[in-house]
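The values are calculated or read from the model by the stated rules, or taken from the named source; none is laboratory data. Everything numeric here is computed off the predicted structure, so don't read it as measured data. All Cβ positions, even for glycine, are placed from backbone atoms using ideal geometry, and neighbour counts span all protein chains on display. What goes into the accessible areas is simple: the full protein's heavy atoms, side chains included, and nothing from ligands, DNA or RNA. Shrake-Rupley method; radii C 1.70, N 1.55, O 1.52, S 1.80 Å.
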Amino acid sequence: MHDTDLLPDAHRRGLFRRIGLATALTVVLMALVPPGAAWAHNALTEATPAKNATLEKAPAGVELRFLQKLDPDDTTITVTGADRKAVATSPPAVDGATGSVTFTEPLTNGEYTVAYRVASRDGHKVQGSYRFTVADPASTASAAPPVTTSPSAAPVAAGTPATQPAAETTSTTSGPMVIAGLGTAGVLLVAGGYWFARRRRTHSS
């Protein structure tokens, strides 16, 4: 026989209501807390040029807007061409949550990769990358890197891309801890309701 079977009907119904309320409260808290606030990690919210954009005019620079204010000492923004060589830019300029670099030479046609590394409020480093393409009809394509062959090199099938698109990466290491904390809070609420019901039953008997 369970302890709840010994409780009067009114007390047992009250206990079940408290358990249901604690469960519902836990679910609501997990739904309302946004990922950025829960994990306290920075994240890219807007980029110019945009991710995977194809531009008919070469941009003058790159501007990245983040969720949190940036630290100039912990902000890195680099741009590389299809040949994986770094494009000449100014040092990163930081204005609140926005970081930017300016190209010191006009971009030629081709694909470019923007890579960034910034810090969060908790000091955790967040990094990611994305690509955009310049296709100016009035410009010429950037020179392709020389192709070298060797007897031992395996042939590459026609149409196979040389590199795979870089995926944007962000850190989510503290997410499970937040979920575990909310779950613990729900368990404590349930335990507290059960203890309160038993205490009332002891005093009334």
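When we screen Leu67, Leu32 for residues that are open to solvent by 70 Å² or more (accessible area, probe 1.4 Å), at pLDDT below 95 and under 26 Å from the mean Cα position of the chain (by Cα), the only hit is Leu32. Can you confirm whether region 35-50 contains a residue that is free of Cβ contacts under 8 Å to residues at least 60 places away in the same chain, open to solvent by 20 Å² or more (accessible area, probe 1.4 Å) and polar (S, T, N, Q)? Yes, some residue in region 35-50 is free of Cβ contacts under 8 Å to residues at least 60 places away in the same chain, open to solvent by 20 Å² or more (accessible area, probe 1.4 Å) and polar (S, T, N, Q).
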